[in-house]
Amino acid sequence: MQEILVYIALGLAIGFLVKKYFFKSKKKKNCDSDCGC
Amino acid sequence: MEVNAVVKIALVGNPNTGKTSLFNQLTGLKQKVGNYPGITVDKKVGKCKISEALIAEIIDLPGTYSINPTTLDESIVLDTLLNKSNESYPDLVIVVAEVENLKRNLLLFSQIKDLELPTLLVINMADQMARKGISFDLEKLKEELNSEIILVSARKNSGIDELKNEIRNFKKWNTKPMASISSKIDEEYFKVVKNTFPEFSLYKSWLLITQQNNCNFLSPEFQQKLSVLNADKEKIKKYQHKETIFRYQIINDILHKTYVINRNEATEFRFKLDKILTHKIFGYLIFASVLLLIFQSIFEWASIPMDLIDGFFANFSEYAKANLPEGIFTNLIAEGIIPGIGGIVIFIPQIAILFLFISVLEETGYMSRVVFLMDKIMRKFGMSGKSVIPLISGTACAIPAIMASRNIGSWKERLITILVIPFTTCSARLPVYAILIALIIPNKRILGIFNLQGLTLMGLYLLGFTAAILSAILLHNVLKIENKSLFVIEMPNYKLPSLKNVFYEVVEKTKAFIVGAGKIILALSIVLWFLASNGGESFKTANDTVKQDIGNQNLTKVELQKKTASFKLEHSYIGVMGKMIEPVIKPLGYDWKIGIALISSFAAREVFVGALATIYSVESEGEDVGTIKERMGAEVNSITGQKRFNLPTGMSLLMFYAFAMQCIGTLAIVKRETKSWKWPILQLVGMGILAYISALITFNFFS
């Protein structure tokens, strides 16, 4: 069970990093910069 | 169900008139405000309930002195007000003026009024009128300007209800133009203009003629008509000058009849204070003292809360390990996630203190004096006084700082500013500096007052600024771009900082840093933990190999565990990767574990501490993990037997982080602002080479 949880966490972490650095994120409204939005 | 009507309101005004404060009051949003020009470089949108049946969509536009744009951010105003297909094209315009500089503010008002849009004049900072000896005949002024006027104090939230009441009546506002330009410039020419574009107000047509290059939204046929009318460039320029002079004549006449300003003691005090703060010797000494105070405080005030946070995460990690069911997910939480997050949360006190000082300096008006003071120096280096604002903003984050460079008119000065901003010490470098300084610089006092660690931190900030300036000189001489610029800065009044603004600024900036960096660090901690806790065949047979290696040696259970954990880490996936890059970083004094943290932090610098915390945490499997600082302090170089983070390695790392371009976000924004990959690649490679060489020299110097 713990092993499954680790792989889920790892998958989510890799997914997040790939999305953050390799795909263009949609710019939120009302943001004047990419910091803090 | 009742459907609310929505009106679009454009908020326009000169820089530093308190537009953003008013926007915040109306919308309840918390956009950054400051007491220096150029805070708003892009438009922001917020909603405001005007009445039960009326909702306003408020668009806060960048500050501009005139509707004729000279910079990129000013052209946003022109496009919004002229282009009907622009999604922000307003139903009405609120021009925000400031009570003390009404004459200059009215130039922009007169231009917008002549567009024949429903326009309201809001005079901000009205609470300061009595103190400044200002009085005016409001009714007469309304009559002369053909406009309703509302007095407000956005910072004190006064006059906002009156403003909302007035907005409800916007359909009744007088939309007559304020100045009839045609008769004063060239009646015949303007008759032709009127006949060519009968559907537009005369002033809108005139603006389209003069600003054709900034109006990309026009059809080719329309552009053709404009080209005929503005073919004689010299004549157009002459008419523009005439127009400005004519407008100022009208404004002077109106203010002469309605507005009185008496210099009082408060103004005298401001004048005297300005003389000291911008003095060619005292000005710089005061600025240096302010910087010294900031960096001393960062170390002095933050040490106790930082120790508490560090201790909390160490205990939390142990608690998780002891109380959660045994297994690898528990290991992930205790050795990966908790130390990784602890590696960023620990820096909240220092980051909050830095933002507290920056915010107070902006709010009081001192930052504008610094800009003025630095202008003379900056010009010699190919930048302008306006470059100081982005450079100072860069101490928080390079990304908004690069965007803030939009208000620099000259492309060459702007490009140089964009390219050198990443040298300034951003808040992401602070965690790296703070932990390394704490490890290698003794916590002692110099002359009984100055904390040595604080002085070192200040030295690193100055190093960043020096690197920025030296690079600017180099770029100024290398870049063959024609350059002409004019520097005008308004000296805002001194103000007591608004506690609310300072509080929001500190909370928002700290939160943005922690949440933004925290997500990346959490994800990277999981990945790093996995790579450090798994490996190939030699990793799997580590227990047997270590037992064979030690043979008949008598080791305690703890010693055996430590040796096995160390062997496993070295043969884990991350260990193998680290070993591959070790030859490149060894000359700088780093081992493969530092190398892994270094590579992880290429995405974002602040990841460095969290990555090391995770790696050391995996290695200390089964032991009392201790705080991040303790773990890093206890790490030993297996070859020399000395502490891993000693003076040569620590200084080498400080140099590397001072110069290396380790921020993907910044590279992306440089590409966006320069519209080319050439410049971010130049930054990445140039700064990387500089970082490597500096770290190499530093390591050898201190060894």
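The values are calculated or read from the model by the stated rules, or taken from the named source; none is laboratory data. This one's a predicted model, so the numbers in the text were calculated from it and none came from an experiment. Note that each Cβ is placed from the backbone with ideal geometry, even for glycine, and that neighbours are counted across all protein chains shown.
Quick notes on this one:
- The one condition from (1) at pLDDT below 90; (2) loosely packed, with under 13 Cβ neighbours inside 10 Å; (3) of a type outside the set (Gly, Ala, Ser) that residue B:178 does not meet is (2).
- Taking the range B:224-325 as the region of interest, the helices (runs of 4 or more DSSP H) fully inside it that hold 3 or more residues being touching a strand residue (DSSP E or B) at 6+ places or on another chain (Cβ under 9 Å) are B:282-323.
- Across the range B:283-292, the qualifying residues are those that are within 18 Å of residue B:456 (Cβ to Cβ) and without any contact (Cβ under 8 Å) to a residue 40 or more places away in the chain, and the one among them that is surrounded by the most Cβ atoms within 10 Å (Cβ to Cβ) is B:288.
- Some residue of the range B:105-112 being assigned to a loop (DSSP other than H, G, I, E, B) and more than 29 Å from the chain's Cα centre (by Cα): no
- Of all the residues in the range B:335-358, those that are modelled with pLDDT of 85 or more, within 14 Å of chain A (Cβ to nearest Cβ) and within 21 Å of residue B:401 (Cβ to Cβ) number 0.
- Residue within the range B:322-334 that is away from every other protein chain (no Cβ under 14 Å) and of a type outside the set (Val, Ile, Thr) present: yes
- The condition of being under 27 Å from residue B:345 (Cβ atoms), away from chain A (no Cβ under 14 Å) and out of contact with any strand residue (DSSP E or B) (no Cβ under 6 Å at 6 or more places or on another chain) holds for only one of B:586, B:593, B:579, that being B:593.
- The residue of the range B:281-296 that is farthest from the chain's Cα centre (by Cα), among those that are closer than 16 Å to residue B:459 by Cβ and of a type in the set (Gly, Ala, Ser), is B:289.
- Total residues in the range A:8-19, condition more than 7 Å from chain B (Cβ to nearest Cβ) and surrounded by 13 or more Cβ atoms within 10 Å (Cβ to Cβ): 1
- Scanning the range B:518-538 for residues that are closer than 17 Å to residue B:428 by Cα, more than 10 Å from chain A (Cβ to nearest Cβ) and among the aliphatic types (A, V, I, L, M) returns a single hit, B:521.
- Here residue B:360 meets the list (1) of a type in the set (Val, Ile, Thr); (2) without any contact (Cβ under 8 Å) to a residue 24 or more places away in the chain; (3) surrounded by fewer than 23 Cβ atoms within 10 Å (Cβ to Cβ) almost entirely, failing just condition (2).
- Residue satisfying condition, being of a type in the set (Ser, Thr, Tyr), in contact (Cβ under 8 Å) with a residue 12 or more places away in the chain and either part of a helix (DSSP H, G or I) or on the phi < 0 side of the Ramachandran plot (or both), within set B:640, B:649: B:649
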